[in-house]
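**Student:** First the structure, then my questions, so here it is.
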Amino acid sequence: MRVLVVGGDGYCGWATALYLSNRGYEVAIVDNLIRRYWDIELGVDTLTPIAPIRERLQRWQEITGKVIPFYQGDIQDYSFVSRVFKEFSPEAVVHFGEQRSAPYSMIDREHAVMTQVNNIVGTLNILYAIKEITPDCHLVKLGTMGEYGTPNIDIEEGYITIEHNGRKDTLPYPKQPGSFYHLSKVHDSHNIHFACRIWGLRATDLNQGVVYGVLTEETGMDEILINRLDYDGVFGTALNRFCIQAAIGHPLTVYGRGGQTRGFLDIRDTVRCVELAVANPADPGQFRVFNQFTEQFNVLQLAEMVVKAAQTLGIKAEINHLPNPRVELEEHYYNAKNTKLIDLGLQPHYLSEALLDSLLNFAIKYQHRVDKKQILPKVTWR
Ligand code: NAD
Ligand code: USQ
């Protein structure tokens, strides 16, 4: 099957492109490398030294004999998108190619506008390219668990059945996202749902939780294939940040009380979930939503697990409750469903001492690359 991985130079996209290629899918990558530019804009860098995309792909070919064509361009440019669709004729598109940091989207008006235009226009162009060029192609779109927010009722997978004034319907689950970034995902979901309804497109929205970890079978094959691992206050995410902070002796940055609960998953499960969605496509006209996470934790629990794992490596880590730079509930009910991917065959890698050890050791190996000035959060929501 021909699979186009949009955003294939990024954290989830790179791991997924190699995983699918290794399993015999014919993969091509689209990316405009803007993420590497955003790092430069912010003066931050990944913990791991990532090679230029063409060098990465060359190495992959040398090791496996598999060729992954690379299309460099911006999916906001429809002439570029349509050229790629005509040339590659994808049977599935896995779309990771967005600005994905909540803090980045909250820096100021320019960054909020840029995030929403980039994400919503890019996705719309992909929807039009599918409709006009490859109408049977299945869109697998990366959404986020953050679309739902933290409601005081159970979170369903995309839809909820409601009885109102004696009538009953199954409707899109209410959305209460927590940043202009998370809002861009809500807008995308509405556009994709609409395109499925009016044009009969097939799509799966993967509402992914926070991803952790860095190694997958493929990215661990060679130093040149190494994946990115962000630790800074804008692009770094909770558990990855805590491990790197512990490794360099920085107090763990729990925002506020730390009762914020989220869904989490190992990057090895990200790649598998995407494959499951690709291998089991939605029907024409169907807009499926899968909640893509394997476990729920609150951030204080995660920090405590990292402190404990660090101790066994002889590192004394401590937790610092910082004033929360975000506007979010710090104590709340949270119970999200996540059975659809399990039903398709996902066998989760649950968070373990072994994974924390490996992340801590990874961070120790590259600790000389950490810029301590980039750890504390600088962007506030207010
Ligand atoms: P990333 O920033 O590492 O990768 C995104 C890639 O998309 C980058 O290589 C970037 O250059 C590319 N890109 C962005 N805009 C583009 C455009 N207009 N045209 C072409 N390429 C473009 O992000 P990630 O962590 O790999 O996340 C990938 C997707 O998964 C995102 O949509 C994100 O919202 C979603 N997601 C990520 C996480 C997580 O914890 N990392 C969790 C849930 C959902
Ligand atoms: N947090 C801390 N300390 C930190 C970093 C974060 O306490 O040092 C807290 C945040 O306040 C928040 C929670 O941890 O309550 C998660 O924050 P995060 O930065 O790890 O993740 P988030 O901003 O939600 O965004 C990440 C990805 C995004 C994806 C989202 C999935 O960057 O692309 O959509 O995870 S979800 O959280 O399910 O919406």
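The values are calculated or read from the model by the stated rules, or taken from the named source; none is laboratory data. Quick caveat: nothing in here was measured; it's all calculated off a predicted structure. Please note: Cβ atoms are built from the backbone with ideal geometry, for glycine as well, and neighbour counts cover all protein chains shown. Areas reflect the complete protein model, heavy atoms only, side chains present, ligands, DNA and RNA absent. Shrake-Rupley method; radii C 1.70, N 1.55, O 1.52, S 1.80 Å.
**Student:** Take the Cα atoms of the stretch 174-241, find their three principal axes, and give me the spread along each one in whole Å, biggest first.
**Tutor:** 46, 27, 15
**Student:** Multiply the residue gap between Arg197 and Thr161 by 0.36 nm, knock off their C-alpha separation, and tell me the result in nm, one decimal place. Before the final figure, lay out each step's value.
**Tutor:** Working: separation 36, 0.36 × 36 = 12.96 nm, distance 1.88 nm.
Working it through step by step, the gained length comes to 11.1 nm.
**Student:** Can you give me the three principal axis dimensions of the chain from its C-alpha atoms, in Å, biggest first?
**Tutor:** The principal-axis extents, from largest down, are 63, 57, 42 Å.
**Student:** Follow-up question, since we're still on this one. May I ask what percent, to the nearest 5, of DSSP beta bridges between residues of the chain are antiparallel? Show your work: numbers first, answer last.
**Tutor:** Values: 10 of 47 bridges.
Among the beta bridges of the chain, antiparallel pairing accounts for roughly 20 percent.
**Student:** For Leu171 and Leu322, compute 0.36 nm times the residue count separating them, minus their Cα-Cα distance, and round to one decimal in nm. Walk me through the numbers before you get to the answer.
**Tutor:** On the way: separation 151, 0.36 × 151 = 54.36 nm, distance 3.86 nm.
Stretched fully, the Leu171-Leu322 segment lengthens by 50.5 nm.
**Student:** Loop only per DSSP, at most 14 neighbouring Cβ atoms within 10 Å: give me the GluC sites (Glu not before Pro) in the stretch 150-226, ordered by residue number. Don't skip to the end; give the middle numbers.
**Tutor:** Details: sites: Glu156, Glu157, Glu163, Glu217, Glu218, Glu223; in loops: Glu156, Glu157, Glu217, Glu218.
Answer in residue order: Glu217.
**Student:** How about the stretch 208-310: which chymotrypsin sites (Phe, Trp or Tyr not before Pro) there are in a DSSP loop, with at most 10 other Cβ atoms within 10 Å of their Cβ? The partial results should precede the final answer.
**Tutor:** Numbers: sites: Tyr212, Tyr231, Phe235, Phe242, Tyr255, Phe264, Phe287, Phe290, Phe293, Phe297; in loops: Tyr231, Phe235, Phe293.
Counting only loop positions with at most 10 other Cβ atoms within 10 Å, none of the chymotrypsin sites (Phe, Trp or Tyr not before Pro) in the stretch 208-310 qualifies.
**Student:** For a paramagnetic label modelled at 7 Å from the Cα of Arg59 toward its Cβ, which residues of the stretch 222-244 fall within the zone defined by backbone nitrogen distances under 18 Å?
**Tutor:** 222-230
**Student:** Let me ask another. Sorted by mean Cβ packing within 10 Å, highest first, what order do the peptides 39-50, 119-130 take?
**Tutor:** Numbers: 39-50: 17.1, 119-130: 21.8.
In decreasing order of mean packing, 39-50, 119-130 become 119-130, 39-50.
**Student:** Enter the per residue convex hull volume of the stretch 249-370, computed from alpha-carbon coordinates, in Å³ rounded to the nearest integer.
**Tutor:** Details: hull volume 18.3 nm³, N = 122.
Spread over its residues, the Cα hull of the stretch 249-370 gives 150 Å³ apiece.
**Student:** Take each complete run of DSSP H in the chain, measure how far its Cα atoms stretch along the helix's own axis, and keep only those covering 27 Å or more with mean Kyte-Doolittle hydropathy at least -0.5; list them.
**Tutor:** On the way: long enough: 109-133 (35 Å, 0.32); 180-199 (28 Å, -0.26).
The qualifying helices are 109-133, 180-199.
**Student:** Sticking with this one: Please sort by residue number the chymotrypsin sites (Phe, Trp or Tyr not before Pro) in the stretch 317-382 whose DSSP state is loop and whose Cβ has at most 13 other Cβ atoms within 10 Å. Display every interim value, and only then the final one.
**Tutor:** Details: sites: Tyr333, Tyr334, Tyr350, Phe362, Tyr366, Trp381; in loops: Tyr333, Tyr334, Tyr350, Tyr366, Trp381.
Answer by residue number: Tyr333, Tyr350.
**Student:** Right, another one. Hey, can you find the accessible area per residue of the chain for me, probe 1.4 Å, expressed in square angstrom? Show your work: numbers first, answer last.
**Tutor:** On the way: 15680 Å² over 382 residues.
Per residue, the chain has an accessible area of 41 Å².
**Student:** Still on this structure, I have one more. Name the residues whose placed amide hydrogens come within less than 5 Å of the amide hydrogen of Phe297, ignoring near sequence neighbours (fewer than 5 apart) on the same chain.
**Tutor:** The list, which skips near neighbours in sequence, is Arg262, Phe264.
**Student:** Run the numbers for Val117 and Ile342: contour at 0.36 nm per residue of separation, minus the present Cα-Cα distance, in nm.
**Tutor:** On the way: separation 225, 0.36 × 225 = 81.00 nm, distance 3.37 nm.
So the chain would gain 77.6 nm between Val117 and Ile342.
**Student:** Also, quick follow-up: Mind jotting down the three principal axis lengths of the stretch 118-184 based on Cα atoms? Whole angstrom, largest first.
**Tutor:** Principal-axis extents of the Cα atoms in the stretch 118-184, largest first: 43, 29, 16 Å.
**Student:** With point charges of +1 on the Cβ of Lys and Arg and -1 on the Cβ of Asp and Glu, referenced to the Cα centre of the stretch 2-374, which listed residue (Val27, Gly73, Ala17) lies farthest in the positive direction of the dipole?
**Tutor:** Sorting the options by dipole projection puts first Gly73.
**Student:** Can you pull the one-decimal nm distance between simple spin-label points at Ser89 and Ile364, each 7 Å off the Cα toward Cβ?
**Tutor:** Result: 5.3 nm between the two label points.
**Student:** Then there's this: Counting only protein heavy atoms and a 1.4 Å probe, tell me what percentage of the chain's accessible area is made up of carbon and sulfur.
**Tutor:** On the way: 8100 of 15680 Å².
Here carbon and sulfur together make up 52 percent of the probe-accessible area.
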